[in-house]
Amino acid sequence: MDAENSGPNQKDEVEIIETMNNFGKYQKVQYSYACLAAFFISMIHINYVFVAGDLNYRCRVPECENQYAVYNATWWPHSTIDRCTKPKLKEDFVVGQMCTNESFTDAVEKCTDWVYETNNTVIATLNLACQPWKSNLIGTFHNVGTLFAMSISGWLIDRFGRKPTLIICSVGSCIGNLKTFTSSYYVYVFIEMLEATILGGMYTAAMVLMIEIAGKNRILAGVIFACVCYMGESTYACIAMFVPYWKDLIRIIYIPPIIFISYIFLLKESPRWQILNGRTEDAKSILLRISTVNNININKEKLANMNEEDLKKQFKIENYEQKESYRDVVKSKEILKRVFVAAFCRFTAAFIYYGLILNSVYLPGNKYTNFMLSTIMSFPGELISMYLMNRIGRKLPMMYGYVICGLLCVASAWVPEGYVWLKITLFLFGKLLVSVCFTGVVTYTMELFPTSVRGTLIGVCAVAARTGSIFAPLTPILNTVSVILPSIFFCGFAFIAGALLTLTPETKNLPLMDTVEQIEISIKIREIRRTDINTRGEESKDLI
């Protein structure tokens, strides 16, 4: 009887490694925690789009108004005057006299003081009128801070773990609330950069954690994560539409991240990272929890009795005797090639993605609506990305996506202002395609690198991406030279990125590699197979 009863259980029992290959309730819960953090951080990451957005303003004419001046003055001259200059009063004008449209000459002089239509953005609070470089540099300095974060976050998540890095970065973003207490431009920019330096590592930590517990659903992990980020951006546009005053807007999006302190108890570490870093008992505990929550039948006694070497053998990383580092990466030509291609593609995706977001508020029509539409177009982009990358593969959809996106950007810029809907439609389709590439290249680069240095190399690629986002806020300034110039840059980088993808391998249906050595061995095996195929082909030709 005992033998008969044990039969079905034995049949249903699976290998311990299968706990990481199934996507169940455990993954869904952990994904929800990571995605909630990404939702709020994505709003903070683009806060400057509206917080530091442009305002209508004009020069102050002290002879005609007091300190409580209003923007729409009835006496302002009807002739078009640059908002950085003011009209000169006639010589016979007497101070104290009522100003009218006829009180001014046709001459203008340099402006030193301004009247703002509203105080909804920091442009008024920090008195940044006629200083476009300063206002645009707020976004640039934010991305410089994120660049600093990305340069160290990869090392942090490989050294200390995915979980602590995610928690510290998420909670630390609350420091941005200090911006509401300053009236100094330089202090404001410093806090902006500091907050970005702290929160920037959250993206890498959350994405790596989700990929490593996703099992065979790695594309789904990338798509879900990206969609949540886009939801954060769209939600931010809605909030900004109804709460235009910048201080209130900051408080709404910067205070909630304090709740992520609770992740100390809720979020779990990646078992793969724990196995590679000698935390065998912690890894066994989480693997047991995954099997219980997902209702996976494993040999729990076998798992409990496993030592470090046994567990590494189970996950096919028995050759990982010491931690791999930059030295191992530099020695591998294959890894270096992958890093270069991945870094450039991440740079291009971020440069175009954020460049289009920032330029969307300069399109004809309502800036909030245009911004929202540009973020909403990312959602079908994610669905298209998931379908194509699962159906066709990783490389081809991205290669064509980059090229077509570049062409659409240039086409949108060439369309005259009078064709509003055509211009916006081409722009939005370009945004859709860059969203496909943005998510695709993030997931693809995750698969290109081994677990041992994945965090570090993803950090390198993230630095490249943030470099692209640093330059993105400066692209609106190029419109003063030529309206097509930003699009030419977008197109050029997109074409190069599409071409470089031909140098890296397809990763569809391939398992995640855990060490540099495994990747080197796989490349050697591929070359041997290719040589055998070529040899057989030549032999067949000789026989014919």
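How about the range 148-249: which trypsin sites (Lys or Arg not before Pro) there are in a DSSP loop, with at most 15 other Cβ atoms within 10 Å of their Cβ?
Answer in residue order: 216.
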**Fill in**
For the range 404-481, shape from the Cα gyration tensor axes a ≥ b ≥ c, cut at a/c of 1.5 then a/b versus b/c, turns out oblate
**Request:** Could you list, by residue number, the cysteines of the chain that have no other cysteine's beta carbon within less than 4.7 Å of their beta carbon?
**Result:** 35, 169, 174, 227, 229, 238, 345, 405, 409, 437, 461, 491
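Which of rounded, prolate, oblate describes the range 341-405, given a ≥ b ≥ c as roots of the alpha-carbon gyration tensor eigenvalues and a/c under 1.5 marking rounded, otherwise prolate only if a/b is larger than b/c?
Oblate, because a/c is 1.5 or more while a/b does not exceed b/c.
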**Request:** Among 41, 115, 84, flag the residue with its Cα farthest along the positive direction of the charge dipole of the range 19-157, charges on Cβ as +1 for Lys/Arg and -1 for Asp/Glu.
**Result:** 41
**Message:** Rolling a 1.4 Å sphere over the protein heavy atoms, what is the accessible area per residue of the range 22-74, to the nearest Å²?
**Reply:** 41 Å²
**Request:** May I ask for the net charge around residue 52, where only other residues with Cβ less than 14 Å from the Cβ of residue 52 are counted and Lys, Arg are +1 while Asp, Glu are -1?
**Result:** +1
**Request:** Calculate the dipole size of the chain relative to its Cα centre from +1 charges on Lys and Arg beta carbons and -1 charges on Asp and Glu beta carbons; express the result in debye to the nearest 20.
**Result:** 360 debye
**Prompt:** Percent of accessible area on the range 370-479 owned by carbon and sulfur, 1.4 Å probe?
**Reply:** 79 percent
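So what is the accessible area of the range 77-208 per residue, in Å², with the probe set to 1.4 Å?
Accessible area per residue: 46 Å².
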**Item:** Helix axis angle, 333-360 relative to the chain longest principal axis, alpha carbon, degrees
**Value:** 30 degrees
**Message:** If you roll a 1.4 angstrom probe over the protein chains with everything in place, what fraction of the accessible area of the range 152-200 belongs to carbon and sulfur, to the nearest %?
**Reply:** 79 percent
**Request:** State, to one decimal in nm, how far the label point of residue 183 lies from the label point of residue 481, with both points 7 Å from Cα in the Cβ direction.
**Result:** 3.8 nm
**Request:** Quick one: which residues, 5 or more positions from residue 484 or on another chain, have an amide H under 5 Å from its amide H? H modelled 1.01 Å from N in the peptide plane, none for Pro or chain starts.
**Result:** none
**Prompt:** If you plug each phi of the range 234-251 into the Karplus form 6.51 cos²θ - 1.76 cosθ + 1.60 with θ = phi - 60°, what whole-Hz ³J(HN,Hα) values come out, in order, with x for Gly and Pro?
**Reply:** 5, 5, 4, 4, 5, 4, 4, 5, 9, 10, x, 5, 5, 5, 5, 4, 4, 4
**Request:** Can you send over the carbon and sulfur percentage of the accessible area for the range 238-283, probe radius 1.4 Å, protein chains only?
**Result:** 67 percent
**Prompt:** Once amide H atoms are placed 1.01 Å from N in the peptide plane, what residues at a sequence separation of 5 or more from residue 114, or on another chain, have their amide H within under 5 Å of its amide H?
**Reply:** 60
**Prompt:** Using θ = phi - 60° and the Karplus curve 6.51 cos²θ - 1.76 cosθ + 1.60, what whole-Hz ³J(HN,Hα) does each residue of the range 150-163 get, with Gly and Pro shown as x?
**Reply:** 5, 5, 10, 5, x, 5, 4, 6, 7, 8, 10, x, 6, 4
**Prompt:** Of the peptides 86-98, 389-401, 38-50, how do they stack up when ordered by the mean number of other Cβ atoms within 10 Å, highest first?
**Reply:** 38-50, 389-401, 86-98
**Request:** Please compute the net charge surrounding residue 186, taking Lys and Arg as +1 and Asp and Glu as -1 over other residues with Cβ under 11 Å from its Cβ.
**Result:** 0
**Complete:** Ignoring ligands and nucleic acids, residue 383 exposes an accessible area, probe 1.4 Å, in Å² to the nearest 10, of 110 Å²
**Sites matching GluC sites (Glu not before Pro) across the range 361-460 that sit in DSSP coil, with at most 16 neighbouring C-beta atoms within 10 Å** = 417
**Request:** Using the charge dipole of the range 248-310 (Lys, Arg: +1 at Cβ; Asp, Glu: -1 at Cβ; taken about the Cα centre), state which of 307, 297, 252 has its Cα farthest towards the positive end.
**Result:** 252
**Request:** Sum up the charges of everything whose Cβ sits under 10 Å from the Cβ of residue 271, counting Lys and Arg as +1 and Asp and Glu as -1, but leave residue 271 out.
**Result:** +2
**Message:** Show me, for the range 17-29, the HN-Hα J-couplings you get by feeding each phi into the Karplus relation (A = 6.51, B = -1.76, C = 1.60, θ = phi - 60°), rounded to Hz, glycine and proline as x.
**Reply:** 5, 5, 4, 9, 9, 9, 9, x, 4, 4, 5, 4, 5
**Prompt:** Given the rule -39500 (n - 2.57) for each run of at least 4 DSSP H residues, summed and divided by the residues of the chain, what is its mean residue ellipticity at 222 nm, to the nearest 500 deg cm²/dmol?
**Reply:** -21000 deg cm²/dmol
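The values are calculated or read from the model by the stated rules, or taken from the named source; none is laboratory data. No experiment lies behind these values; they were computed from the predicted model shown. Every residue, glycine as well, gets a Cβ built from its backbone with ideal geometry; the counts of neighbours run over all protein chains shown. Ligands, DNA and RNA are stripped out before the accessible areas are found, and what is left, the full protein with its side chains, is counted by its heavy atoms. Shrake-Rupley method; radii C 1.70, N 1.55, O 1.52, S 1.80 Å.
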